[in-house]
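K.L.:
Take this structure, written in structure tokens, and hold onto it; I'll ask about it next.
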Amino acid sequence: QVQLVESGGGLVQAGGSLRLSCAASGRSFSNYAMGWFRQAPGKEREFVAAISWSGGITNYADSVKGRFTISRDNAKNTVYLQMNSLKPEDTAVYYCAADRYLPTVLAGSNKYWGQGTQVTVSS
């Protein structure tokens with residue numbers, strides 16, 4: 001069992017930055033690929049970024065490439081999402097997710113999900 005707790009969301013002006021954190025507890029965090037997803041009001045949840053268990057492979061949605069960076073610190077059982085040059089369309093609840101397999105993370109079929117943290121970008 002893996003428990004995931006997101007933090008770092010908030011209100012920011014367009015062009016600003018935020019760093020989200022996802023703290024994991026439970027077994028063997030370093031064995032899990034991790035991902036970030038988001039869901040805006042009235043829209044379906046969408047993939048944002050993913051990272052392999054070692055951190056050696058990362059993937060991004062086209063909408064965030066060049067602006068967001070996913071990273072992880074296995075010693076701290078934490079995965080991060082650095083978000084720069086934020087736009088109003090980035091407004092959403094951001095969810096952390098985990099699964100043993102990176103393809104499963106990319107497909108959004110993760111075994112474990114956090115509760116989400118709200119990010120609001122004002123224009």
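K.L.:
Look at the stretch 41-79 and say how many of its residues are touching a helix residue (DSSP H, G or I) at 6+ places or on another chain (Cβ under 7 Å) and in a loop (DSSP other than H, G, I, E, B).
P.N.:
Total meeting the criteria: 5.
K.L.:
Can you tell which of THR91, THR58, THR78, THR117 is under 17 Å from PHE29 (Cα atoms), of a type in the set (Val, Ile, Thr) and in contact (Cβ under 8 Å) with a residue 40 or more places away in the chain?
P.N.:
Working: THR91 fails: under 17 Å from PHE29 (Cα atoms); THR58 fails: in contact (Cβ under 8 Å) with a residue 40 or more places away in the chain; THR117 fails: under 17 Å from PHE29 (Cα atoms).
On inspection, the qualifying residue turns out to be THR78.
K.L.:
Moving on to the next point. Looking at the stretch 31-40, can you tell me whether even one residue there is open to solvent by 30 Å² or more (accessible area, probe 1.4 Å), part of a loop (DSSP other than H, G, I, E, B) and touching a residue at least 24 places away in the same chain (Cβ under 8 Å)?
P.N.:
No, the conditions are met nowhere in the stretch 31-40.
K.L.:
Counting only residues that are of a type in the set (Gly, Ala, Ser) and over 19 Å from GLN115 (Cα atoms), which one in the stretch 74-93 is modelled with the lowest pLDDT?
P.N.:
ALA75
K.L.:
Look through ILE51, ILE57, ILE70 and report the one residue that is hydrophobic (A, V, I, L, M, F, W, C) and out of contact with any strand residue (DSSP E or B) (no Cβ under 6 Å at 6 or more places or on another chain).
P.N.:
Of ILE51, ILE57, ILE70, the one residue that is hydrophobic (A, V, I, L, M, F, W, C) and out of contact with any strand residue (DSSP E or B) (no Cβ under 6 Å at 6 or more places or on another chain) is ILE57.
The values are calculated or read from the model by the stated rules, or taken from the named source; none is laboratory data. A quick note: this is a predicted structure, and the numbers were derived from the prediction, not measured. Here the Cβ is made from the backbone with ideal geometry for all residues, glycine too, and neighbour counts use every protein chain on show. Ligands, DNA and RNA are excluded from the accessible area calculation, which covers all protein heavy atoms including side chains. Shrake-Rupley method; radii C 1.70, N 1.55, O 1.52, S 1.80 Å.
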